[in-house]
Each structure stands twice: as C-alpha cells, then as structure tokens.
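See structure below.
The values are calculated or read from the model by the stated rules, or taken from the named source; none is laboratory data. Quick caveat, the model's predicted, so the values are computed rather than measured. Every residue, glycine among them, receives a Cβ derived from its backbone with ideal geometry; neighbour counts consider all protein chains shown. Calculation scope for accessible area: heavy atoms of the full protein, side chains included, ligands and nucleic acids excluded. Shrake-Rupley method; radii C 1.70, N 1.55, O 1.52, S 1.80 Å.
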Amino acid sequence: MEKINHKENPRLKYLVLIGPAIGLLFLVIGIILIRNDLVARSWDDISAVVTSSTMHTRTSQSAGSTTDGSTSTFYIAKMKYNYNYKGQEYTGKDEISNSVKTKTTKIINKYPVNSTIEIKVNPKKPSKSRLLMDINPYGLGNIVTSVIGLILTLVFSFFAYMVLFRGKKN
C-alpha cells in the first residue's frame, strides 16, 4: 500500500485537521444537550396553563439526496403556557419535534388551550422553563449526536495519525 504524503498534497493537511474538529464539535454539542437536560431535571416541578398549542412542519432535503429530490419532514408541537412561580406570573414556550405526525398530533390533542401541563422551572431564573415531557437527557437525538461525534473524531484522528505520523523515523 502506498503511503499518503501530505507534503505532496497540502489540502490533505487541512482535512486531517478539520475532520477531528468536526467530530469534536458534534461530540461537544451532544454532551451539552445531555447536560442541559440533566440540569433541567433538577428544576422545580409546577403546573402551567396552555395558551397556545399548534403543530408546524419543517421539511428539508434529505442528506445525500441532491438528485432524487427526497425530503424529510419533521412535525413540531409548539406550546405556549402561563405559570405562576413564587407569586410572579410568567409566560413560557417550548417545542417538541418528531418525525412521526401522529405522535405530534397526540401531544397537541392532549394539551389544548386552557389545559394544564407539567413544566420544570429554573429556580435561579424563573423566566426559564421547559415542558416536562421535553426533558429526556438520554433521548435518541442526544445520544446519536454524541455517538456520531465520537465516531467522526476517532476515524478522522486515526486518519490524521496515519497521514501525519506513520512512517516517520525518530
């Protein structure tokens, strides 16, 4: 097998530097998402009154489908609610995304305007709140983001090692 020479192809040097950075970015984002959900779990539980409950769609071109035109659709339950925390009135909002329309429809139907919904309130900053059902630190999205980041980091780091250091004599 022929050794790859990054000195003959200077662009390769950038790839071996950018690849692990992209992987680390995904890994850090995944860890931040998990951490934020873990922190929100410790916030105070209270009830809120739904003031708006609507479904929106977001359609985007599927990855790698530039020629066939296939798309991915996500259904978003957008919820607005009012709550009283330690005698002060607040308004909150949250979104729950799903690729399955029936799941999003079920959420919208379960929590119509004027219904009660459980939320978590940040005791240090009561204007910040999250829907209890939206707090899932080990949810698929958080884990997949972290795993993709870890895999990209390892693969590109190995590639970088092979390109930059393999065959060097001390």
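Numbers below:
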{"read-out": "Checking Ile117 against (1) at pLDDT below 90; (2) open to solvent by less than 50 Å² (accessible area, probe 1.4 Å); (3) among the hydrophobic types (A, V, I, L, M, F, W, C), the condition it does not meet", "value": "(1)"}
{"read-out": "Test set (1) within 25 Å of the chain's Cα centre (by Cα); (2) surrounded by 12 or more Cβ atoms within 10 Å (Cβ to Cβ); (3) modelled with pLDDT of 90 or more - Ser72 fails condition number", "value": "(3)"}
{"read-out": "Yes/no for Glu89 being open to solvent by 70 Å² or more (accessible area, probe 1.4 Å) and within 18 Å of the chain's Cα centre (by Cα)", "value": "no"}
{"read-out": "Pick from segment 1-57, criterion part of a helix (DSSP H, G or I) and closer than 19 Å to Ile107 by Cβ, ranking: modelled with the highest pLDDT", "value": "Ala40"}
{"read-out": "Set Ser127, Ser146, Ser97: member being hydroxyl-bearing (Ser, Thr, Tyr), touching a Phe, Trp or Tyr at 6+ places or on another chain (Cβ under 9 Å) and at pLDDT 85 or above", "value": "Ser127"}
{"read-out": "Odd one out for Gly167, checked against (1) of a type in the set (Gly, Ala, Ser); (2) more than 22 Å from the chain's Cα centre (by Cα); (3) modelled with pLDDT of 75 or more", "value": "(3)"}
{"read-out": "Complete set of residues in segment 137-156 that are within 20 Å of Arg41 (Cβ to Cβ) and buried (at least 16 other Cβ atoms within 10 Å of the Cβ)", "value": "Asn142, Thr145, Ser146"}
